[in-house]
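Engineer: The structure is given below, and queries will be raised subsequently.
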Amino acid sequence: MAIDCITNIQTMSQPQKQQQQQQDHKEDETPLVFDASLLRHQLDLPKQFIWPDEEKPCMNVPELAVPLIDLRGFLSGDPVATMEAARMVGEACQKHGFFLVVNHGIDANLISHAHSYMDDFFEVPLPQKQRAQRKTGEHCGYASSFTGRFSSKLPWKETLSFQYSAEEKSSTIVKDYLCNTLGQEFEQFGRVYQDYCDGMSNLSLGIMELLGMSLGVGKAYFRQFFEENNSIMRLNYYPPCQKPDLTLGTGPHCDPTSLTILHQDQVGGLQVFVDNEWHSISPNFNAFVVNIGDTFMALSNGRYKSCLHRAVVNSKTTRKSLAFFLCPKSDKVVSPPSELVDDLTPRMYPDFTWPMLLEFTQKHYRADMKTLEAFTNWLQHKRT
């Protein structure tokens with residue numbers, strides 16, 4: 001069945017109840033500022049950060065058995081090791097969509113610098129960080145929680161997000177953005193994250209080869225689809241919270257992007273919902289945590305599923321993580337290869353472009369476990 005590609009988002013009608021309800025209450029609220037230097041010591045949490053009882057975190061959760069996939073043989077061209085890595089990736093994606101990769105080819109010093117340079121930004125006074133303040137409806141810049149966008153269930157974190165492009169003409173896009181936004185004193189800061197993003201893009205293309213092999217469409221299919229990716233890099237900074245049992249660092253959600261490559265520091269806090277229970281994924285400095293997002297779920301015609309996850313905080317130590325979100329070039333149409341569509345597995349999702357889904361999550365819908373379902377329903381409603 002042919003499914004049209006819709007390329008423009010019009011004024012929202014449904015499903016925007018989620019945001020509208022929060023917006024209706026916002027007018028009655030005193031503007032809230034998330035100043036981590038103050039709130040990290042506060043015993044009484046502002047009510048906007050207190051989550052409902054059914055969503056409050058449990059700190060003592062079982063460890064998730066996540067496969068540890070060694071990429072050394074794959075990266076050196078060993079066909080037997082490559083087949084085994086593809087098999088393990090496919091197995092993980094059929095279970096819960098999370099796996100770890102080691103011997104990934106990313107320099108350990110670069111990873112260390114990417115963690116340490118975060119302090120250069122997040123430890124400065126709030127007014128200096130606000131030079132990079134994210135504008136409403138945009139996905140790049142500094143966000144102190146989501147105080148400007150939502151008025152309840154706020155995450156206990158700060159983030160700095162910026163765009164990355166693998167196109168040759170955009171080879172310094174990260175460094176240029178950070179220098180232009182924060183000042184020339186952040187030039188080395190910008191270089192570190194430009195290099196880190198370059199490494200993440202290359203690693204993600206390799207993982208796309210393994211995903212293609214595991215789905216039976218060949219190693220080149222998804223690699224070519226993402227070769228000129230327009231991705232997102234996010235620095236996550238979770239300050240201590242004196243009542244960590246009342247709030248969340250990041251609420252339960254599935255990533256709307258294609259693939260997430262996460263590096264945790266040694267503090268820990270990532271939790272994944274598998275078999276109706278929350279599980280933790282412990283930090284491993286030598287490994288990246290990789291998970292499938294909603295866009296790749298659509299690309300695989302639902303064979304590989306994105307998984308619900310969240311981040312918890314603690315009362316003692318700041319937690320930091322580096323998240324690279326692989327996204328296709330803006331004009332690429334997200335549509336599964338023909339090999340993944342047949343009478344037994346018909347099309348599950350309409351064609352779309354990544355900017356459409358991004359705008360949906362930035363302006364009309366707060367990402368959760370049903371983002372792709374809500375987005376699909378909206379697209380189909382508009383088409384009919």
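Engineer: Working only within segment 243-260, note down all residues that are touching a Leu at 6+ places or on another chain (Cβ under 6 Å) and within 15 Å of Thr317 (Cα to Cα).
Structural biologist: Lys243
Engineer: Looking at the structure I just gave you, is Met213 open to solvent by 30 Å² or more (accessible area, probe 1.4 Å), hydrophobic (A, V, I, L, M, F, W, C) and either in contact (Cβ under 8 Å) with a residue 40 or more places away in the chain or more than 26 Å from Ser165 (Cα to Cα) (or both)? Before the answer, list the steps.
Structural biologist: Details: open to solvent by 30 Å² or more (accessible area, probe 1.4 Å): yes; hydrophobic (A, V, I, L, M, F, W, C): yes; either in contact (Cβ under 8 Å) with a residue 40 or more places away in the chain or more than 26 Å from Ser165 (Cα to Cα) (or both): yes.
Judged against the criteria, Met213 is a match.
Engineer: Any residue at all in segment 259-271 that is modelled with pLDDT of 95 or more, over 20 Å from Tyr237 (Cβ atoms) and crowded, with 22+ Cβ neighbours inside 10 Å?
Structural biologist: yes
Engineer: Say we look at segment 72-113 and pick out the residues that are in contact (Cβ under 8 Å) with a residue 12 or more places away in the chain and acidic (Asp, Glu); which of these is nearest to Ser204 (Cα to Cα)?
Structural biologist: By that ranking, first place goes to Asp107.
Engineer: Tell me, yes or no, whether segment 107-124 has at least one residue that is touching a Gly at 6+ places or on another chain (Cβ under 9 Å), at pLDDT 95 or above and open to solvent by 20 Å² or more (accessible area, probe 1.4 Å).
Structural biologist: Yes.
Engineer: Does any residue in segment 282-310 that is touching a residue at least 24 places away in the same chain (Cβ under 8 Å) and farther than 26 Å from Ser338 by Cβ come within less than 7 Å, Cβ to Cβ, of a residue that is part of a loop (DSSP other than H, G, I, E, B) and among the polar types (S, T, N, Q) six or more places away or on a different chain, and which pairs are these?
Structural biologist: Phe285/Gln266
Engineer: May I pose another question? Quick check on this structure: which one of Gly251, Gly293, Gly302 is open to solvent by less than 30 Å² (accessible area, probe 1.4 Å) and at positive phi? Before you say what the answer is, go through the steps one by one.
Structural biologist: Numbers: Gly251 fails: at positive phi; Gly293 fails: at positive phi.
Answer to the selection: Gly302.
Engineer: Mind listing whichever residues of segment 149-168 are out of contact with any helix residue (DSSP H, G or I) (no Cβ under 6 Å at 6 or more places or on another chain), under 23 Å from Ile106 (Cα atoms) and either among the basic types (Lys, Arg) or open to solvent by 20 Å² or more (accessible area, probe 1.4 Å) (or both)?
Structural biologist: Scanning segment 149-168 gives Gln163, Glu167, Glu168.
Engineer: State all residues of segment 288-318 that are aliphatic (A, V, I, L, M) and either part of a helix (DSSP H, G or I) or farther than 24 Å from Val102 by Cα (or both); if no residue qualifies, say none. Break it down stepwise before answering.
Structural biologist: Restricting attention to segment 288-318, the residues satisfying the condition of being aliphatic (A, V, I, L, M) are 289-290, 292, 297-299, 308, 311-313.
Once the filter is applied, which keeps residues that are aliphatic (A, V, I, L, M) and either part of a helix (DSSP H, G or I) or farther than 24 Å from Val102 by Cα (or both), segment 288-318 yields Met297, Ala298, Leu299, Val312, Val313.
Engineer: Another one. Please count how many residues of segment 324-373 are open to solvent by 10 Å² or more (accessible area, probe 1.4 Å) and part of a loop (DSSP other than H, G, I, E, B).
Structural biologist: The number of residues fulfilling the criteria is 22.
Engineer: Among the residues of segment 273-290, what is the count of those that are crowded, with 18+ Cβ neighbours inside 10 Å and under 20 Å from Val89 (Cβ atoms)?
Structural biologist: Final tally of qualifying residues: 7.
Engineer: Let me ask another. Does Ser171 satisfy the criteria of being more than 20 Å from the chain's Cα centre (by Cα), open to solvent by 60 Å² or more (accessible area, probe 1.4 Å) and small (Gly, Ala, Ser)? First the steps, then the outcome.
Structural biologist: Values: more than 20 Å from the chain's Cα centre (by Cα): yes; open to solvent by 60 Å² or more (accessible area, probe 1.4 Å): yes; small (Gly, Ala, Ser): yes.
So Ser171 fits the description; yes.
The values are calculated or read from the model by the stated rules, or taken from the named source; none is laboratory data. On a predicted model such as this, the values are computed, not experimentally measured, just so you know. Note that we place each Cβ from the backbone using ideal geometry, even for glycine, and neighbour counts take in every protein chain shown. We work out accessible area using only protein heavy atoms, side chains counted, and drop any ligands, DNA or RNA first. Shrake-Rupley method; radii C 1.70, N 1.55, O 1.52, S 1.80 Å.
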